[in-house]
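**Student:** One structure is given below, represented as structure tokens, and several questions about it will come after.
The values are calculated or read from the model by the stated rules, or taken from the named source; none is laboratory data. The shown structure was predicted, so the numbers you read here are calculated from the model rather than taken from an experiment. Because the Cβ atoms are built from the backbone with ideal geometry, glycine has one as well, and the counts that use them run over all protein chains shown.
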Amino acid sequence: MLRRKVLVTGGAGFLGSHLCERLLQDGCDVICVDNFFTGRKENIAHLMGNPYFEMLRHDVTFPLYLEVEEIYNLACPASPVHYQFDPVQTTKTSVHGAINMLGLARRTKAKIFQASTSEVYGDPEIHPQTEDYRGNVNPIGPRACYDEGKRCAETLFFDYYRQHRLNIRVARIFNTYGPRMHPNDGRVVSNFIVQALKGEPITIYGDGSQTRSFCYVDDLIEAFLRLMAAPDEVTGPINLGNPAEFTIRELAEKVIAMTGGGSQLIFKPLPEDDPKQRQPNIAQARDRLGWAPSVPLDEGLERTIAYFRRLLDS
Ligand code: NAD
Ligand code: UDP
Ligand code: UDP
């Protein structure tokens with residue numbers, strides 16, 4: 001059988017490890033590249049014995065020479081705590097990383113997918129967000145290394161598409177959660193679950209009235225594959241996420257109820273530039289990919305809580 005050779009950057013991270021696993025199931029030959037900044041060997045340990053899986057420790061800000069047919073570019077810390085730890089490196093990862101992966105795609109004529117983000121919309125003034133909305137990002141704030149890095153990566157993708165006729169796919173991913181998030185990832189779903197399971201107070205930033213729309217990881221990975229397999233004119237950018245919107249306070253209350261814990265809510269200051277609301281309009285994903293998420297928040301939380309329970313017990 002002729003196996004598609006696929007490169008996944010950031011493959012040892014939360015989303016990347018699920019993507020590698022799914023690609024192997026689908027009969028691909030997978031090369032996973034990661035510098036282990038936020039990724040973990042544990043996420044891919046179960047794939048290491050597979051003869052069609054290969055792991056390379058490499059930082060995408062440096063050139064990479066490989067022969068591949070498809071590239072999924074996911075390398076980049078995604079949690080505000082981690083992307084603000086070394087903001088210059090975050091911008092370099094998005095921008096130099098995109099240039100190197102686009103250069104690789106250009107030389108090998110590979111199809112290339114970019115994990116962009118709802119953060120390109122910043123603190124949005126229109127709701128829900130459609131792909132034609134140009135966003136409201138503070139270019140000099142603490143989130144800018146991530147938001148502007150990802151915006152510039154989109155620019156590079158579309159310039160390589162226009163200038164060098166690359167076959168590109170740009171996904172704007174909205175908040176996604178599930179098993180294999182790092183227990184210290186810092187994002188809201190893993191924080192709340194870990195706090196609840198340890199019986200610690202749940203930390204709500206601000207008054208908890210800000211909203212997010214949470215997508216379960218398996219739904220998102222299915223959308224990645226559909227986007228990659230779509231006709232070449234489907235370049236994106238295309239919103240991928242679950243439109244069901246919740247306040248952060250509602251999420252905290254759900255997690256407490258589902259873990260059966262007695263955690264208190266404590267309120268901490270809202271970080272600077274924290275978006276007040278976020279909800280994807282997924283009409284394009286529905287029309288062009290025939291995709292819509294199928295796992296409701298309660299079910300996804302059950303699975304994620306079960307994962308963290310096992311992790312904390314081990
Ligand atoms: P993650 O932090 O778990 O994964 C990122 C991976 O990239 C990690 O394994 C990390 O070690 C690796 N990495 C970071 N810098 C690198 C570099 N310079 N060279 C090589 N590897 C590097 O986060 P995730 O949630 O899996 O996110 C994956 C991608 O999806 C990111 O690009 C992120 O911006 C994007 N995204 C995620 C979400 C989400 O809700 N999970 C939302 C929007 C966009
Ligand atoms: N590059 C890479 N792997 C390749 C081909 C290119 O990492 O297989 C990098 C290379 O370092 C270059 C970047 O991608 O800096 C952009 O490549 P491109 O061919 O677009 O431009 P140029 O080589 O002219 O800078
Ligand atoms: N948040 C919170 N408590 C936490 C972590 C996050 O209240 O322990 C809030 C955060 O301020 C934001 C929302 O939850 O309003 C989502 O944060 P996350 O870091 O998960 O993602 P992003 O802000 O990038 O959407």
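**Student:** Which one is nearest to PHE224 (Cα to Cα), of the residues in segment 117-163 that are of a type in the set (Asp, Glu) and assigned to a loop (DSSP other than H, G, I, E, B)?
**Tutor:** GLU131
**Student:** Report, by residue number, each residue of segment 248-270 that is in contact with a Phe, Trp or Tyr (Cβ under 6 Å, 6 or more places away or on another chain) and near ligand 3 (Cβ under 9 Å from one of its atoms).
**Tutor:** Within segment 248-270, ALA252, LYS268, LEU270 meet the criteria.
**Student:** Sticking with this structure for a sec: Of all residues being over 30 Å from GLY141 (Cβ atoms) and either of a type in the set (Phe, Trp, Tyr) or under 18 Å from the mean Cα position of the chain (by Cα) (or both) in segment 272-292, which is surrounded by the most Cβ atoms within 10 Å (Cβ to Cβ)? Just the residue, please.
**Tutor:** Per the stated criteria, the residue is TRP291.
**Student:** Which one of the conditions (1) basic (Lys, Arg); (2) away from ligand 3 (no atom under 16 Å from the Cβ); (3) under 21 Å from GLU21 (Cα atoms) does ARG165 fail to meet, given that it meets all the rest?
**Tutor:** (3)
**Student:** Right, next: Given ASN175, ASN184, ASN191, which one is at pLDDT below 95 and either away from ligand 1 (no atom under 16 Å from the Cβ) or of a type outside the set (A, V, I, L, M, F, W, C) (or both)?
**Tutor:** Just one listed residue meets the conditions, ASN184.
**Student:** Continuing with the same structure: Picking from THR235, THR203, which residue would you name as being outside any helix (DSSP H, G or I), more than 17 Å from ARG309 (Cα to Cα), near ligand 3 (Cβ under 10 Å from one of its atoms) and among the β-branched types (Val, Ile, Thr)?
**Tutor:** THR203
**Student:** Every residue in segment 94-116 that is closer than 30 Å to ASP274 by Cβ and either polar (S, T, N, Q) or in a strand (DSSP E or B) (or both), please.
**Tutor:** SER94, PHE113, GLN114, ALA115, SER116, listed by residue number.
**Student:** I'd like the full set of residues that are surrounded by fewer than 22 Cβ atoms within 10 Å (Cβ to Cβ) and among the hydroxyl-bearing types (Ser, Thr, Tyr), limited to segment 188-208.
**Tutor:** Of everything in segment 188-208, those that are surrounded by fewer than 22 Cβ atoms within 10 Å (Cβ to Cβ) and among the hydroxyl-bearing types (Ser, Thr, Tyr) turn out to be THR203, TYR205.
**Student:** Any chance you could count how many residues in segment 129-148 are touching a residue at least 12 places away in the same chain (Cβ under 8 Å), surrounded by fewer than 20 Cβ atoms within 10 Å (Cβ to Cβ) and either within 14 Å of ASN239 (Cα to Cα) or among the polar types (S, T, N, Q) (or both)?
**Tutor:** Qualifying residue count for the region: 6.
**Student:** Criterion first (touching a residue at least 24 places away in the same chain (Cβ under 8 Å), closer than 26 Å to THR61 by Cβ and either of a type outside the set (D, E, K, R) or within 13 Å of ligand 1 (Cβ to nearest atom) (or both)) does ARG151 satisfy it?
**Tutor:** So ARG151 passes the test.
**Student:** Could you look through segment 164-187, keep only residues that are within 16 Å of ligand 2 (Cβ to nearest atom) and part of a loop (DSSP other than H, G, I, E, B), and pick out the one that is surrounded by the fewest Cβ atoms within 10 Å (Cβ to Cβ)?
**Tutor:** ARG165
**Student:** Looking for whichever is away from ligand 3 (no atom under 16 Å from the Cβ) and either farther than 30 Å from LEU312 by Cα or in contact (Cβ under 8 Å) with a residue 12 or more places away in the chain (or both) here; the options are GLY103, GLY122. Which one fits?
**Tutor:** Among GLY103, GLY122, only GLY103 is away from ligand 3 (no atom under 16 Å from the Cβ) and either farther than 30 Å from LEU312 by Cα or in contact (Cβ under 8 Å) with a residue 12 or more places away in the chain (or both).
**Student:** GLY260 passes all but one of (1) surrounded by fewer than 18 Cβ atoms within 10 Å (Cβ to Cβ); (2) at pLDDT 95 or above; which number fails?
**Tutor:** (2)
**Student:** Considering each residue of segment 22-38, count those that are within 14 Å of ligand 1 (Cβ to nearest atom) and either free of Cβ contacts under 8 Å to residues at least 12 places away in the same chain or touching a strand residue (DSSP E or B) at 6+ places or on another chain (Cβ under 9 Å) (or both), and give that number.
**Tutor:** Total meeting the criteria: 6.
**Student:** For the structure I just gave you, tell me whether ALA98 is surrounded by 24 or more Cβ atoms within 10 Å (Cβ to Cβ), more than 16 Å from ligand 3 (Cβ to nearest atom), of a type in the set (A, V, I, L, M) and over 11 Å from ALA153 (Cα atoms).
**Tutor:** Here the answer is no, as ALA98 does not meet what is asked.
**Student:** Then there is this: Quick check on this structure: which one of PHE246, PHE214 is buried (at least 16 other Cβ atoms within 10 Å of the Cβ), touching a Lys or Arg at 6+ places or on another chain (Cβ under 8 Å), at pLDDT 95 or above and of a type outside the set (Asp, Glu)?
**Tutor:** PHE246
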